[in-house]
Amino acid sequence: MISTSNVSLAYGKRTLFEDVTIKFTPGNCYGLIGANGAGKSTFLKILSGEIDPNTGTVDIPATARLAVLKQNHFEYDAFPALQTVIMGHKRLWDIMQERDVIYAKPDFNEADGLRVAELEGEFADLEGWNAEYEAAELLSGLGISEDLHHALMQDLSGSEKVRVLLAQALFGNPDILLLDEPTNHLDAESIMWLENFLDNFQNTVLVVSHDRHFLDAVCTHVADIDYGKIQLYAGNYGFWYESSQLASKQRSDANKKTEDKRKELEEFIRRFSANASKSKQATSRQKLLEKLTVEDIKPSSRKYPYIAFKPEREAGNQLLNVENLSKSVDGQTIFSDVTFMVNKGDKIAVLGRNDIAASTFFRVVMDELQPDSGEYKWGTTITASFFPKDNQSFFDTDLNLVDWLRQFSEEKDESFIRGFLGRMLFSGEESLKKATVLSGGEKVRCMFSRMMLQSGNVLLFDEPTNHLDLESITALNNALRDFDGTILFSSHDLQFVDTIANRIIELTPNGIIDKRMTYEEYLSDEAVKELRRKMYAKALA
């Protein structure tokens with residue numbers, strides 16, 4: 001268990017937390033949510049002792065072991081990956097080091113014998129004999145191949161380092177586990193492995209994530225940061241979101257009687273529980289949800305951007321034809337022999353194990369890169385609108401946001417431009433911000449405004465959910481799901497892909513896998529799994 005008592009923290013005039021008293025208990029996984037800048041990561045740092053609050057205390061039982069997902073990717077560069085994982089259990093690692101030093105002494109004496117006997121006893125109590133096996137299991141589960149288990153951290157890629165540090169946090173069954181964005185840089189298979197691990201984890205977990213599928217899969221509770229307070233809600237993120245929408249609806253309906261509201265809530269809980277996954281977490285969530293009352297659910301103060309893409313003209317039947325397209329970067333084949341035709345109404349998720357595969361493909365078909373071979377052809381009726389993953393070049397200007405967006409609009413009237421910015425939550429003085437000072441999430445929302453003004457009938461998005469908060473991700477997800485035109489997009493957000501895509505194309509160094517199915521079906525289909533294994537094995541041969 002971990003709890004806080006009257007915790008407050010302010011930076012100058014800005015108050016993040018005020019008199020937060022809260023308790024997190026074993027057997028539960030708490031998803032810590034809040035708008036960008038609300039203080040989610042800061043609160044985890046307060047709990048871990050990395051940051052001291054202005055007032056109040058954090059209480060952890062003296063015997064409890066707390067583990068944190070480290071953010072410094074260079075801290076363990078001098079150590080092998082397997083050792084780095086074991087170092088997550090500091091007491092066990094200290095025992096192993098002291099024991100090895102004593103055994104290596106040339107003048108081993110009686111006192112050394114007594115001391116090493118104590119260490120061996122504690123080593124056994126901590127199940128130290130299983131340490132290397134457990135560490136290796138964690139690494140393999142998170143996609144680190146056995147040949148890298150003894151490699152130095154400095155020789156691993158950034159993605160591989162993140163996975164090792166995640167294994168370090170999970171190692172040794174900690175009593176309290178604090179995870180800040182644990183799914184970053186993980187592929188879908190590794191995320192599902194982590195979901196299963198946490199589903200079976202018996203102790204206390206607090207997690208910050210922008211991955212809604214992950215939050216829905218692992219969380220028994222949501223801890224919502226709002227107005228400097230933290231409010232606990234039973235259920236996962238999906239339930240919190242839907243119930244807060246229901247609360248807003250009920251609050252606006254002043255004439256509805258309490259009994260009618262209660263029945264509406266009960267029906268909502270029944271419907272939600274029936275759709276939940278059959279996991280241990282879902283079972284425990286359902287028991288909590290059954291105890292909810294109308295008074296327990298509250299509307300959120302969150303603001304959601306208004307995103308809607310409306311094509312200026314309907315696309316014809318000829319959209320995009322790709323034939324034998326290949327591209328290498330720095331001598332490495334990124335994709336080859338890519339051949340497919342885009343059909344009207346397709347919503348295609350473009351995937352690839354290599355992180356730059358989709359980005360490179362999009363840049364090729366948008367005439368930003370030359371392919372090594374092959375060709376592509378857009379239909380004559382097509383207006384393609386593209387969201388690039390790297391948008392920095394668009395904001396290297398001293399223009400304010402009104403003038404920045406005016407560049408991309410045929411209608412130059414300021415009230416019209418401000419209206420578009422207002423939809424993206426830039427109102428009043430916010431719309432006069434300089435483009436150069438925007439945060440990553442603000443830049444993404446501006447790019448969406450630009451795309452809406454372009455009125456394209458084919459939309460291309462390269463990792464559009466990066467930098468966005470949950471509210472903006474939800475708004476974009478709904479907008480693309482409702483869009484009547486054709487979409488090609490890439491994303492690591494499983495729920496985003498699964499709820500939008502009706503076709504999956506995976507780019508490999510040895511051709512493509514092209515399946516008309518949902519992403520969940522794609523990941524679970526045994527024939528697809530075997531095909532993927534063969535495609536990548538063939539590429540490595």
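The values are calculated or read from the model by the stated rules, or taken from the named source; none is laboratory data. Just so it is clear, the structure is predicted and the values come from calculations on it, not from any experiment. Every residue, glycine among them, receives a Cβ derived from its backbone with ideal geometry; neighbour counts consider all protein chains shown. Heads up: the accessible areas ignore ligands, DNA and RNA and are worked out on the full protein's heavy atoms, side chains in. Shrake-Rupley method; radii C 1.70, N 1.55, O 1.52, S 1.80 Å.
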Accessible area in square angstrom per residue, the stretch 6-140, 1.4 angstrom probe: 54
Towards the positive end of the charge dipole of the chain, with charges on Cβ (+1 Lys, Arg; -1 Asp, Glu), say which of Ala234, Ser48, Thr436 has the farthest Cα. Ala234
Probe 1.4 Å - accessible area at Arg14, Å² to nearest ten: 120
Using only Cα atoms and rounding to the nearest 10 degrees, what angle (0 to 90) does helix 158-170 make with the longest principal axis of the chain? 50
Bin all alpha-carbon pair distances of the stretch 324-382 at 5 Å intervals from 0 and give each bin's fraction as a whole percent. 4, 17, 29, 27, 15, 6, 2, 0
The percentage of Cα-Cα pairs in the stretch 28-104 separated by more than 14 Å is 75
Percent carbon-and-sulfur accessible area, the chain, ignoring ligands, DNA and RNA, probe 1.4 Å: 48
By how many degrees, between 0 and 90 and to the nearest 10, does the Cα long axis of helix 470-482 differ from the longest principal axis of the chain? 40
Which residue, Tyr536, Ala223, Met96, has the largest displacement toward the positive end of the dipole of the chain when charges sit on each Cβ (Lys, Arg +1; Asp, Glu -1)? Ala223
Would you mind checking the radius of gyration and Dmax of the stretch 145-252 based on alpha-carbon positions, in Å? 16.8, 60
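For the chain, what is the relative contact order in percent, using Cα pairs closer than 8 Å and at least 6 residues apart in sequence?
Rounded, it is 14 percent for the chain.
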Over all Cα pairs of the chain, how is the pair count split among 10 Å bins, expressed in % and running from 0 up to the last occupied bin? 3, 15, 23, 26, 19, 9, 3, 1, 0
Helix 110-125: angle to the longest alpha-carbon principal axis of the chain, degrees 0 to 90, nearest 10? 40
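Considering only protein heavy atoms, what per residue accessible area in square angstrom results for the stretch 380-420 with a 1.4 angstrom probe?
I get 54 Å² per residue for the stretch 380-420.
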Rounded to whole Å, √(5λ) for the Cα gyration tensor eigenvalues of the stretch 411-541, largest first, gives 36, 15, 13
Of Lys377/Lys534; Lys310/Lys344; Lys344/Lys515; Lys229/Lys263, which sit over 23 Å apart, Cα to Cα? Lys377/Lys534; Lys229/Lys263
Can you tell me the Rg and Dmax of the stretch 339-460, counting just the alpha carbons, in angstroms? 16.5, 50
Measure of compaction for the stretch 125-169 (Cα Rg per 2.2 N^0.38 Å): 1.16
